[in-house]
Amino acid sequence: MGQAGGVEGISEPVAAPLERLLRRAVLQLVTDEHRRRFPPTVHVGLPAGRRAEFAPEPPMDQALRADVVAAMLRRARDDACSPLVWLTRPGSLELSDTDADWLAAARTAYVEAGVELTMVVVTRHGWRDPRSGTARRWRRLRDRSRSGPRTGSG
């Protein structure tokens with residue numbers, strides 16, 4: 001997390017705890033969202049813990065988006081760690097206008113709060129940091145915690 005070599009956002013190698021959290025965010029989307037088309041939803045907090053969610057009704061301007069993220073940050077903030085921001089949406093992991101709009105809002109809210117921002121876009125295919133481009137993709141993501149012990153070569 002943070003800047004490495006002047007690049008904002010998540011850089012390689014991604015720390016294992018962060019990697020697990022982001023994988024969980026993708027897995028939650030895959031298992032919880034059954035609709036093919038669904039509205040983008042902003043999440044602030046931790047995928048495995050305390051979080052706030054907001055599915056915006058367009059149109060929203062930049063100031064309102066920043067206010068929403070700031071309120072979510074206050075609600076989800078924990079002294080132990082900096083809450084993540086993740087935007088779940090349908091489609092590919094390529095950068096979209098929606099991603100850029102919510103990134104700008106998150107930057108504003110996190111700078112004002114004095115908190116380091118970690119933000120990713122999450123789709124059914126994986127996650128991507130809209131600032132650095134660091135990403136993980138899966139063809140078929142499975143919940144490892146639900147699989148029983150492996151035997152044989154299978």
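Evaluate the Kirkwood expression for the hydrodynamic radius of segment 84-124, namely the inverse of the mean inverse distance over all pairs of different C-alpha atoms, and round to one decimal in Å. Display every interim value, and only then the final one.
Working: mean 1/r = 0.0936 Å⁻¹.
Across segment 84-124, the inverse of the average 1/r is 10.7 Å.
Annotation: the chain has a Kirkwood hydrodynamic radius of 16.1 angstrom, from the mean reciprocal C-alpha pair distance. In the chain, helices alone account for a calculated mean residue ellipticity at 222 nm of -10500 deg cm²/dmol, with every DSSP H run of four or more residues adding -39,500 (n - 2.57). Note the angle between two axes, namely the Cα long axis of helix 97-113 and the longest principal axis of the Cα atoms of the chain, as a number of degrees from 0 to 90, rounded to the nearest 10. Tilt relative to the chain: about 70 degrees.
So what's the net charge close to Pro58: Lys and Arg +1, Asp and Glu -1, counting the other residues with Cβ under 13 Å from its Cβ? So the environment of Pro58 carries a net charge of -2.
What shape does segment 58-128 have by the C-alpha gyration tensor, where a ≥ b ≥ c are the square roots of the eigenvalues, rounded means a/c under 1.5, and otherwise prolate means a/b greater than b/c and oblate the rest? Oblate, since a/c reaches 1.5 and b/c is not below a/b.
Cβ neighbours within 10 Å, averaged per peptide: list 53-63, 129-139 in order, most packed at the top. List each step's numbers first, then the result.
On the way: 53-63: 11.2, 129-139: 16.1.
My ranking of the peptides, most packed first, is 129-139, 53-63.
Going through segment 1-104, which trypsin sites (Lys or Arg not before Pro) have at most 10 other Cβ atoms within 10 Å and a DSSP loop state?
Passing both the DSSP loop test and the Cβ count: Arg35, Arg36, Arg37.
How far is helix 16-32 tilted off the main Cα axis of the chain, in degrees rounded to 10, range 0 to 90? The helix 16-32 is inclined about 80 degrees to the chain.
Every number in this text was worked out from the coordinates using simple rules, so none of it is lab data. All of these numbers come straight from a predicted model, not from anything done at the bench. Glycine also receives a Cβ, built like all others from the backbone with ideal geometry; neighbour counts cover every protein chain displayed.
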